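Report on the following structure.
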Amino acid sequence: MAYEVIALDLDGTLTNSQKVITGPTHRGLIDLQRSGKTVVLASGRPINGVSYLADELELKRYGGYTLSFNGARITRCSDGQIIRNQTLPPDVIRPIWEYVKNIPGLDLISYTDTQILSGIRNNDFNLVEARNCRIDIVPVEDFPSVLDFPVNKMIVSGDPGLLQTVIGPLQEQYDGKLSIYFSEPFYLEIMPLNVDKASSLDFLLKTIGLTAENLICCGDSYNDISMIEYAGLGVAMANAQPVVKKAADCITASNDEDGVLRIIEKYMMQT
């Protein structure tokens with residue numbers, strides 16, 4: 001069966017170590033779209049952290065999609081229409097904030113469309129997110145009161161060893177209400193129930209009349225595992241976490257060696 005759609009993680013996958021799309025990969029993805037195939041950018045980033053890359057790849061012109069917040073929000077780039085928007089139950093925000101703020105060294109962050117909101121104490125891990133998304137961090141005093149709008153996700157950020165001690169209690173407390181998982185060792189994602197990249201791609205494919213057999217997914221980190229396992233062809237980058245490589249059907253070159261380009265040339269430009 002022909003591969004019609006490719007879903008790409010951003011950091012460590014589509015972009016190289018300098019956080020840019022290389023010239024060869026950019027040209028390859030434009031050529032792919034000109035041939036009638038669809039590109040989906042699937043990221044944990046907020047919409048503004050994805051949209052500038054969507055613009056670079058001309059997804060509006062060619063009818064691509066973005067999955068931001070790990071797929072909690074799906075945007076059709078041709079007209080900017082949000083075709084799915086899943087949010088956290090408002091009643092979980094304050095108790096999670098109260099729990100996290102009692103653990104020194106951790107922060108709880110969320111997003112507006114233009115800012116990262118730091119709810120406890122800013123840390124160096126947040127700076128990685130701000131740099132990748134190209135948006136500013138704004139410390140806020142009463143985090144739950146500020147989040148008086150529909151919230152797609154929160155992140156507990158901090159030292160990986162410390163986060164390992166809180167994932168279990170949070171998962172147990174919110175079993176059946178939230179999905180809680182790592183995207184990076186220093187980011188613990190707090191998501192609406194059953195929201196991940198795979199579930200959102202499944203929703204998207206159904207809306208355009210395709211199935212997982214038509215899909216290639218490329219990624220490198222923990223939050224990419226679900227879509228890699230779901231896809232007709234799941235691809236791990238050479239720089240991927242070992243557990244991601246284990247989940248994949250194949251491994252391509254690294255993000256610094258145009259690994260995405262090699263996949264589209266091998267599996268999509270020949271069909």
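The values are calculated or read from the model by the stated rules, or taken from the named source; none is laboratory data. No experiment lies behind these values; they were computed from the predicted model shown. Reconstructed Cβ throughout: ideal geometry from the backbone, glycine too, with neighbour counts over all protein chains shown. In case anyone asks, the SASA skips ligands and DNA or RNA and just uses the protein heavy atoms, side chains included. Shrake-Rupley method; radii C 1.70, N 1.55, O 1.52, S 1.80 Å.
Rolling a 1.4 Å probe across all protein chains gives residue 215 an accessible area of roughly 0 Å². Over the Cα atoms of the range 109-222, the radius of gyration divided by the Kirkwood radius equals 1.00; this is the Rg/Rh ratio. Would you please give the FRET efficiency between residue 257 and residue 145, computed as 1/(1 + (r/R0)^6) with r the Cβ-Cβ distance and R0 = 51 Å, to the nearest 0.05? With a Förster radius of 51 Å, E is 0.60.
In this simple spin-label model, placing a label point 7 Å from the Cα along the Cα-to-Cβ direction at both residue 113 and residue 249 gives a separation of 3.7 nm. What the Kirkwood sum gives for the range 53-125 is a hydrodynamic radius of 14.6 Å, with every pair of different alpha carbons counted.
Please report the relative contact order for the range 112-159, taking Cα pairs under 8 Å with a sequence separation of at least 6, and give it as a percent rounded to a whole number. For the range 112-159, the relative contact order is 44 percent. Residue 96 contributes about 0 Å² of solvent-accessible surface, heavy atoms of the protein only, 1.4 Å probe.
Pop out the carbon and sulfur fraction of the accessible area of the chain as a percent, whole number, probe 1.4 Å.
On the way: 5390 of 11080 Å².
C and S fraction of accessible area: 49 percent.
Probing with 1.4 Å while keeping every protein chain in the model, the per residue accessible area of the chain equals 41 Å². Among 86, 65, 120, which residue has its Cα positioned farthest towards the positive end of the charge dipole of the chain, with +1 placed on the Cβ of Lys and Arg, -1 on the Cβ of Asp and Glu, and the dipole taken about the Cα centre? Of the candidates, 65 comes out farthest on the positive side. Projected label points at residue 79 and residue 167, each 7 Å from Cα along the beta carbon direction, are separated by 4.0 nanometres. Global dimensions of the chain from alpha-carbon coordinates: Rg and Dmax equal 17.9, 55 Å. Computed from the C-beta positions of residue 128 and residue 211, the FRET efficiency with R₀ = 41 Å rounds to 0.70. When you filter the trypsin sites (Lys or Arg not before Pro) in the range 1-68 for DSSP loop state and at most 15 other Cβ atoms inside 10 Å of their Cβ, you are left with 19. Pair-distance distribution of the range 18-63: all C-alpha pairs, bin width 10 Å, starting at 0; shares per bin in whole percent are 25, 58, 17. The charge dipole of the range 130-251, taken about the Cα centre with unit charges on the Cβ atoms of Lys, Arg (+1) and Asp, Glu (-1), comes to about 300 debye, rounded to the nearest 20.
DSSP bridge analysis restricted to the chain gives an antiparallel fraction near 50%, rounded to the nearest 5.
What is the dipole size for the range 1-113, taken about its Cα centre, with +1 at each Lys and Arg Cβ and -1 at each Asp and Glu Cβ, in debye to the nearest 20? List each step's numbers first, then the result.
Working: 12 positive and 12 negative charges, 36 e Å.
Its charge dipole is roughly 180 debye.
The residue list 178, 190, 40 was ranked by how far each Cα lies along the charge dipole of the chain toward its positive end, using unit charges on Cβ atoms, and 40 comes out on top.
Mean sequence separation of contacting Cα pairs (under 8 Å, at least six apart), scaled by the length of the chain, corresponds to a relative contact order of 21 percent. All C-alpha pair distances within the range 1-155, sorted into 10 Å bins from zero, spread as 10, 37, 31, 16, 6, 0 percent across the bins. Basic side chains Lys and Arg get +1 at the Cβ, acidic Asp and Glu get -1 at the Cβ, and with that the dipole of the chain about its Cα centre reaches some 540 debye. Scaling against 2.2 N^0.38 Å puts the C-alpha radius of gyration of the range 200-241 at 1.17. Find the lysine pairs in the chain meeting two conditions, Cα atoms under 15 Å apart and a separation of 8 or more places or different chains, and report how many there are. Lysine pairs meeting the criterion: 5.
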